[in-house]
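Data block below; observations after.
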Amino acid sequence: MTKKISARWTDVELEAAVDAYLSMREMENNGRPFKKTEMGLKLREGALSARSKSAIELRMQNISSVLVELGQNRIKGYVPAKNVGANVSKKIQEMLNDKGIFKVPGEGATASNTSIGQELEASTADNLAAPLGIKHPKHSNSTVITFFRDDKVREWVLMHANGTCEGCGKVGPFLGVDGRPFLEVHHVHPLAMAGSDRIENVAALCPNCHRRCHLAADKKAFTESLYVRVKRLKEECLDLVVD
């Protein structure tokens, strides 16, 4: 029996599309050639293996629409979609906000960071009211895409690092249950973007450097520095001419 694919995209799928879009937009802004079809193929080989070429094309048009609505530049090859669902639009905005593209005004799990920051700037620890919080947080169910990884690659990278972070050169911040300085493995070119699970794409990082790769304002520059610092790492980038 053929497994029915849900029409509703998971957050993992949507974020993979957003990451791919931003990667192409950056190349376009920098005058670097790329092919949409090649990017689409990589996505269908990775996180969007359950989605068709037309579905991915439409999602990219959704992202263009959201960017234009927010006064941001879009990729010329993706015409903004005429109708974007409210929930999809909100999620795309939140993901763009997480990636530092812009700050979403108003309320929301991610967007509220801006207003909270402004409130903290105008307050002190003494006069800032303690938030009520949520006594019984609600939960939601979602499908998570898991990539199979080679444990031997993980172990080789950690053994080669010998307890020293390959990002900052410092020893892991604490001892793990195995008695070794704790480090995490990081896929420099994300698996969701069809990155490989090979030693040429995996670095051993302390938790701080690992978060820096994903969340820091200088995450792009820091990631690029890993290729200089760790000689075995090889860039798995797309040298992609707009169709």
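One table, with the values for the structure above:
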quantity	calculated
Sole residue being assigned to a loop (DSSP other than H, G, I, E, B) and not assigned by TED's automatic domain parsing to the domain that holds Leu96, chosen from Ala221, Ala217, Ala204	Ala217
Candidate set from the stretch 169-179 (those that are within 14 Å of Pro207 (Cβ to Cβ) and out of contact with any Ser or Thr (no Cβ under 6 Å at 6 or more places or on another chain)); member that is surrounded by the fewest Cβ atoms within 10 Å (Cβ to Cβ)	Phe174
Residue match in the stretch 36-48 (condition: exposed (fewer than 13 other Cβ atoms within 10 Å of the Cβ) and assigned to a loop (DSSP other than H, G, I, E, B))	no
Meets criteria (under 20 Å from Gly195 (Cα atoms), of a type in the set (D, E, K, R) and more than 16 Å from the chain's Cα centre (by Cα)) for Glu45	yes
Members of the stretch 183-195 found to be over 16 Å from Arg44 (Cβ atoms) and either buried (at least 20 other Cβ atoms within 10 Å of the Cβ) or out of contact with any Pro (no Cβ under 9 Å at 6 or more places or on another chain) (or both), listed by number	Leu183, Val185, His186, His187, Val188, His189
Condition check for Glu166: surrounded by fewer than 17 Cβ atoms within 10 Å (Cβ to Cβ), modelled with pLDDT of 90 or more and not assigned by TED's automatic domain parsing to the domain that holds Ala17	no
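The values are calculated or read from the model by the stated rules, or taken from the named source; none is laboratory data. What you see is a predicted model; the values in this text were computed from it and never measured. So basically every Cβ, Gly included, is an ideal-geometry build from the backbone, and we count neighbours across all protein chains shown.
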